[in-house]
Amino acid sequence: MNIADLIKQNNKLRSQLNEDNKKYYEELLVAYRMKNTTKKESELEIQLLEILQDLILYQKQGKSFTDVFGNDINKLSSSIIAELPKENKMKILRFYLVYLLIFIIISLVPSVFTRTIEPITIMFFISLSLGSAVCSYLLIYKKTEKNKWFKHISSLIILWISFSLIPILIELKMIPEHFSHKVSVSTNFLYFFGIFSALSCIYIFLTFKKYYSKKI
């Protein structure tokens with residue numbers, strides 16, 4: 001069974017819950033998946049499925065979600081996630097790269113059709129890529145259990161700066177105005193974008209296939 005199978009089975013079994021239990025369980029499910037950034041996803045989905053199976057059994061005994069698990073979804077999800085094993089660092093890094101590639105491709109598609117691009121756009125991508133690289137290093141490879149919150153807050157600040165730096169510099173008029181003017185893109189750019197997009201799509205497909213079709 002792989003992750004996709006676990007999610008499919010979860011969706012199927014959820015239909016057996018009554019309205020109240022389903023509401024609480026789906027809140028837990030959302031909280032789980034939103035909070036999970038570094039934990040092993042397969043273990044997370046197994047845990048979610050086990051909770052669902054237990055809840056169905058308790059429901060048959062006339063018990064509700066709150067009777068068994070309480071009503072503090074945030075506390076429950078945090079305590080269970082804390083016990084899960086951490087995800088492989090390389091996998092996390094690969095998915096960060098996947099989302100960055102998707103963002104870059106979507107953002108550059110209009111330039112392909114208009115045959116124009118603003119140099120400032122390229123600067124923005126460079127800034128965002130550097131910021132993402134630093135955040136990935138801090139969150140994945142920096143081994144500091146002591147100042148964990150400081151590490152996360154620092155990463156968010158760095159990501160915000162990398163995302164906002166260029167717009168702020170434009171607002172402060174610290175970037176020459178001609179960088180904001182659209183320039184025509186050459187045929188070479190279109191070829192490069194086509195090759196880049198094709199390779200990125202292959203990488204994205206193989207990444208999802210590797211991790212979501214993998215047997216557990």
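Rule-based calculations on the coordinates, nothing more; no lab input. Bear in mind that the values here come from a model prediction, so they are computed numbers and not experimental data. Reconstructed Cβ throughout: ideal geometry from the backbone, glycine too, with neighbour counts over all protein chains shown.
How long is the gain from L156 to I105 if the chain were fully straight, where each residue apart is worth 0.36 nm and the alpha carbon distance is subtracted?
Contour length minus Cα-Cα distance gives 16.0 nm.
Cross-link list K91/K210; K12/K91; K8/K91: which exceed 18 angstrom alpha carbon to alpha carbon?
With Cα atoms farther than 18 Å apart: K12/K91; K8/K91.
How large is the dipole of the range 3-83 about the Cα centre if only Lys and Arg carry +1 and Asp and Glu carry -1, each at its Cβ, rounded to the nearest 20 debye?
140
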